[in-house]
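Participant: There's a structure below that I have some questions on.
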Amino acid sequence: MSEQISKQKTDATGRLAIVGERELAIGYRLIGIDDTFIVNDEEASKKIQELYSSGEFGLIIASDSVRSKIPSKFLSEIEGSIEPLILFLPSLKETTEEDKESIAALAKRVLGINIETS
């Protein structure tokens, strides 16, 4: 019986799922990841729970906007999980003023040009 459980876990380690807004999903789809899911705010938590409990994935990458939609009890469970591992990436839409300033400073240093970030 334990061999069967181990086999199921090792089968899942090769699959990767992406969950998030359109830009994130399309980017990964363009590099060949088939299991990409574009979700809106209402679907986000449900899709993560579905992928997490399916046992089919070793790694699930989701945008930070998805993280905020997950109930705290389930969030603490998945943050402690190793298999599947769930990683949250910052969204392109969620840049802060600090991020804009650092991009402008980098452009100034590397390219020698000023970029307006307002």
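Participant: Quick one: in segment 9-44, of everything that is at pLDDT below 90 and hydroxyl-bearing (Ser, Thr, Tyr), which residue is nearest to residue 81 (Cα to Cα)?
Facilitator: 13
Participant: Sticking with this structure for a sec: Restricting the search to segment 79-92, which residues are surrounded by 11 or more Cβ atoms within 10 Å (Cβ to Cβ), more than 26 Å from residue 26 (Cβ to Cβ) and not acidic (Asp, Glu)?
Facilitator: 81
Participant: Restricting attention to segment 26-62, which residues are surrounded by fewer than 19 Cβ atoms within 10 Å (Cβ to Cβ), outside any strand (DSSP E or B) and of a type in the set (A, V, I, L, M, F, W, C)?
Facilitator: 26, 30, 31, 33
Participant: Just checking, does segment 64-78 include any residue being exposed (fewer than 14 other Cβ atoms within 10 Å of the Cβ), modelled with pLDDT under 90, under 14 Å from the mean Cα position of the chain (by Cα) and more than 11 Å from residue 19 (Cα to Cα)?
Facilitator: Yes: segment 64-78 contains one or more residues that are exposed (fewer than 14 other Cβ atoms within 10 Å of the Cβ), modelled with pLDDT under 90, under 14 Å from the mean Cα position of the chain (by Cα) and more than 11 Å from residue 19 (Cα to Cα).
Participant: Right, something else. I need a count of the residues in segment 45-78 that are closer than 24 Å to residue 27 by Cα and touching a residue at least 40 places away in the same chain (Cβ under 8 Å).
Facilitator: 10
The values are calculated or read from the model by the stated rules, or taken from the named source; none is laboratory data. Treat the numbers as computed from the prediction; the structure is a model and nothing was measured. Counting neighbours? That spans all protein chains shown, and the Cβs are built from the backbone with ideal geometry, glycine included.
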